[in-house]
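Undergrad: Below you will find the structure I want to go over with you.
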Amino acid sequence: MNKSIKTILVLWAVILLVSGISSCKKDFLDEELKTQRNTDYFKTPEGIADLADGLYNNYRNFFMSREQSVSTNQCGTDEFIVGGDQAQQTWNDYNSNLGSIVPNVPTSNVTKTYEIWDMMYKAISDANMLLANVDAAITDVNKNKLFKAEASFLRALSYFRLVQQYGPVVLKLEPSVGVERFFVRATKEDCVNQIIDDFKTAYAGLPVDEAAEGKLYKTVAAHFLAKALLYRCSEINDDWNSSYKTADLAEIITLTDEVIARHPLATNFSDIFAYTEPDGPNERLPEVIFAAQFSSTTTVANDGNGNYNHLLFLSVYQTLTGFVRDIAGGREYQRCRTNEYAYSVFDLENDSRFWKSFKTKANLNNISNLATLNGKDPNTGTDVTYAQGDLGLIYIINKAGDTRFTDPAAPGGTPKVKSTHNGVYFNNPVTGKPTPHVYPRYLADGSGFLKLPVNVSRFPALSKWLDGSRPAVAATAGRRDGIYARVAETYLIKAEALIRQNKYADAITVMNIIRARAQFKDGEVRSAYRDGGAAVLKNSNAPLNKDGVLINSYCTSNSYYESLNIAQTTAASDITTGITPANLPAVDEAIIATLGYTTDYDRMMCFLLNERSRELYGELFRWEDLARTKTLIKRAKTYNEGSVAALQDKHYLRPIPQTFLDAIYNEEGRALTAEEKAAMQNPGY
């Protein structure tokens with residue numbers, strides 16, 4: 001961390017909007033800093049340049065640095081439930097602990113209400129400092145315009161995150177001088193309009209092309225401006241947004257067309273997540289509009305500064321016989337457990353995105369206990385001896401009515417196979433050996449095997465964030481970039497704007513562009529699989545077993561054929577033909593019927609939200625999408641499978657942090673009374 005960033009952090013510590021401030025001594029505030037620059041440095045050209053560089057450090061932390069990425073945007077939705085580790089149970093269940101103070105229940109890892117609040121206001125402080133000083137310090141017109149654009153973008157993105165989570169907040173548009181204690185919340189309309197104005201400033205001032213990797217440029221601002229305009233048009237703001245909708249929706253179409261023209265989709269959906277090394281090919285795809293930058297310089301020594309999301313979606317494999325935790329398989333924090341909605345929202349036979357987003361196989365990697373698996377092949381009666389690299393674990397995502405699996409041999413045990421597919425159903429296609437650990441979705445009696453409490457840590461893991469380049473098995477700091485925006489989402493923003501204009505056929509045409517990519521192509525191997533665990537093959541830090549062989553559970557196939565029990569094929573699939581507002585895909589019609597939607601608008605919005613899941617599953621948008629469209633309650637209560645009975649209207653906003661309420665003063669210069677704090681708090685908390 002350079003000196004300018006350190007100085008920013010020190011300065012921020014004396015601004016009100018930070019966690020835990022209760023008092024500041026005058027003698028501390030009057031100290032003369034001799035070892036670090038003071039704020040006067042940011043009135044010089046060098047200080048502005050350093051401050052502008054320091055702005056980018058904020059993007060690493062917004063969603064990537066700790067568990068607030070999933071607690072606030074994946075938990076408590078339709079897409080995931082809590083896995084075997086219940087650190088974020090409060091955020092999933094909306095229980096009584098979700099308040100202005102979130103206690104350390106069940107562990108200290110639980111996200112606190114103030115974490116996003118503090119993080120965003122720290123970034124806003126950085127942006128305000130630059131905007132207040134740039135005119136006096138930078139006389140070069142082009143540099144001045146660029147610095148303003150960068151700071152305006154950061155401020156807009158920070159406030160956008162705050163407003164989506166907390167509703168109307170304090171609009172702080174000037175740097176603080178000393179400690180301020182009197183603040184009032186602006187109106188929601190004023191907050192959103194400021195966000196849009198800042199994004200427009202960024203759009204006007206940023207260069208057309210990316211000047212350097214990771215730097216902001218015009219289409220980044222265009223994407224997020226379109227997203228902010230869509231937010232202003234959304235149901236969460238229907239009490240004040242009617243006068244904006246017509247112009248906003250038209251502008252969204254213009255902006256998204258501009259972004260789409262400059263960012264082609266990747267040829268294959270799996271290309272986006274096929275991470276092989278830091279700064280590798282997948283991180284340079286034109287589809288990626290903007291990402292938080294990480295690199296191979298991330299080490300155990302600064303383990304808190306990497307991309308953390310590789311930890312949070314994984315299921316446990318290390319406790320199974322024949323397995324040991326390795327770099328490729330990841331360190332299983334299992335905060336987010338894949339649920340039935342994930343299996344039902346995809347056309348499993350024709351939409352490749354499920355099989356390219358979720359890990360359904362793993363290879364044996366622990367030679368120390370492989371011998372305990374040896375025995376007779378139940379299919380042939382021949383002796384079987386297992387070796388490292390044999391297929392060891394398979395998740396069968398089968399359909400209701402599949403009668404191939406009888407009851408488990410023991411609680412949590414492997415189900416017995418009632419019948420086999422071509423005589424070698426569960427066998428490794430290379431070695432012919434039976435797979436030791438098999439977890440199907442459905443048993444023959446119709447019960448959900450993966451839903452049993454004994455299997456809370458067993459599920460096909462979302463693999464989009466896996467990182468085999470980490471320096472050690474236990475390393476939490478990931479090295480792969482964290483994607484904030486890619487053009488597939490831009491298509492979906494455009495499609496949603498068209499739906500809101502009642503242009504349903506046009507919206508389907510736009511969605512079919514990304515759906516066409518999701519189809520299996522002619523000649524494509526449907527069982528092929530890849531994820532970021534493959535980076536272990538280029539990782540010189542990866543451990544070897546006693547025979548000098550890489551300890552590696554990575555498997556290059558999925559369970560497509562085993563799950564669906566169909567004949568192998570390389571023919572193209574089709575998920576685009578014949579879609580109309582009255583005749584949506586079968587998986588969508590089933591969800592629409594379950595949710596009880598009947599109007600064309602509600603049906604199309606349901607289709608759109610389903611498509612956002614299929615394309616963007618686990619990419620840290622979901623809670624905010626469901627909250628802004630006012631579909632959170634119905635979808636979470638229908639599909640979450642957790643204890644979400646407490647979910648109610650107040651949960652469309654998060655509680656204002658107690659650390660803020662306890663620190664501020666009223667207009668008379670004294671701490672807020674209990675009644676004044678209640679008036680400042682969001683309703684219901």
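Undergrad: Report the extension gain between ASP53 and VAL549 in nm, rounded to one decimal, defined as 0.36 nm multiplied by the number of residues separating them, less their alpha carbon distance.
TA: That works out to 174.3 nm of additional length.
Undergrad: When Rg is the radius of gyration of the Cα atoms in region 254-336 and Rh is its Kirkwood radius, what does Rg/Rh come to?
TA: My calculation puts Rg/Rh at 1.07.
Undergrad: Using Cα pairs under 8 angstrom and six or more residues apart, how large is the relative contact order of the chain, in percent?
TA: About 20 percent, as a whole number.
Undergrad: While we're here: Largest first, please: the extent of the C-alpha atoms of region 573-685 along each principal axis, to the nearest Å.
TA: Largest first, region 573-685 extends 66, 26, 24 Å along its Cα principal axes.
Undergrad: Over the Cα atoms of region 79-146, what Rg and Dmax result, in angstrom?
TA: Cα-based Rg and Dmax for region 79-146 come out at 20.0, 57 Å.
Undergrad: Here's something else I'd like to know. If the chain between THR598 and ARG262 were fully stretched, how many nm would it gain, using 0.36 nm times the residue separation less the Cα-Cα distance?
TA: Result: 117.2 nm gained on full extension.
Undergrad: What number, in percent, do you get for the relative contact order of region 298-385 if the mean sequence gap of Cα pairs under 8 Å and at least 6 apart is divided by its residue count?
TA: 25 percent
Undergrad: When the C-alpha atoms of region 346-406 are aligned to their principal axes, what extent does each axis show, in angstrom, from largest down?
TA: 39, 26, 15
Undergrad: Taking a label point 7 Å from the Cα of ASN583 along the Cα→Cβ vector, which residues of region 498-536 have an amide N closer than 16 Å to it?
TA: 505, 508-509
Undergrad: Can you pull a Stokes-Einstein diffusion coefficient for region 444-526 at 20 °C (1.002 mPa s), Rh from Kirkwood over Cα pairs, as a whole number of µm²/s?
TA: Reported coefficient: 123 µm²/s.
Undergrad: Could I ask something else about it? Full-extension gain between ALA645 and THR139, please, as 0.36 nm times their residue separation minus the C-alpha to C-alpha distance.
TA: 176.3 nm
Undergrad: Could you give the DSSP H helices of the chain that reach 30 angstrom or more along their long axis (alpha carbon positions) and whose average Kyte-Doolittle hydropathy is no lower than -1.0?
TA: TM-like helix candidates: 114-137, 141-166.
Undergrad: Considering the alpha-carbon set of region 251-298 alone, what are its Rg and its Dmax in angstrom?
TA: Calculated on Cα positions, Rg and Dmax stand at 13.1, 41 Å.
Undergrad: Can you pull the percent of Cα pairs in region 233-379 with separation above 26 Å?
TA: Pairs farther apart than 26 Å: 55 percent.
Undergrad: Continuing with the same structure: On alpha carbon coordinates alone, what is the Rg over Rh value for region 465-585, Rh being the Kirkwood radius?
TA: Result for region 465-585 is an Rg/Rh of 1.11.
Undergrad: Give me the aspartates and glutamates in straight-line cross-link reach of LYS200: C-alpha distance below 12 Å, same-chain residues under 8 apart excluded.
TA: Those aspartates and glutamates meeting the cut-off are GLU150, GLU251.
Undergrad: While we're looking at this one, here's another question. If you average 1/r across every pair of different Cα atoms in the chain and take the reciprocal, what Kirkwood value do you get, in Å?
TA: Across the chain, the inverse of the average 1/r is 26.6 Å.
Undergrad: What would the Debye formula give as log10 I(q)/I(0) at q = 0.20 Å⁻¹ for the alpha-carbon point model of region 165-302, no solvent?
TA: These q points yield log10 I(q)/I(0) values of -1.17.
Undergrad: Please check which bits of region 645-669 a label hung off VAL179 would reach, taking the label as a point 7 Å along Cα-to-C-beta and the cut-off as backbone N under 18 Å.
TA: 658-669, by backbone N distance to the label point.
Undergrad: Compare the peptides 556-566, 438-448, 307-317 by average per-residue count of other Cβ atoms within 10 angstrom and give them in order, highest first.
TA: Per-residue mean Cβ counts within 10 Å order the peptides as 307-317, 556-566, 438-448.
Undergrad: For ALA528, put the label point 7 Å out on the Cα→Cβ axis and report which residues of region 246-269 keep their amide N under 20 Å from it.
TA: Label zone hits: 265-269.
Undergrad: For region 48-207, what does the convex hull of the Cα positions come to per residue, in cubic angstrom?
TA: Hull volume normalised by residue count: 142 Å³.
Undergrad: Could you sort 179-189, 646-656, 570-580 so that the peptide with the highest average Cβ count within 10 Å comes first and the rest follow in order?
TA: For the peptides 179-189, 646-656, 570-580, the packing ranking is 646-656, 179-189, 570-580.
Undergrad: Rg and Dmax of region 481-536, Cα atoms, in Å?
TA: 15.5, 48
Where a number appears in this text, it was derived from the coordinates with a stated rule and is not lab data. Quick caveat, the model's predicted, so the values are computed rather than measured. Neighbour counts run over all protein chains shown; Cβ positions are idealised from the backbone, glycine included.
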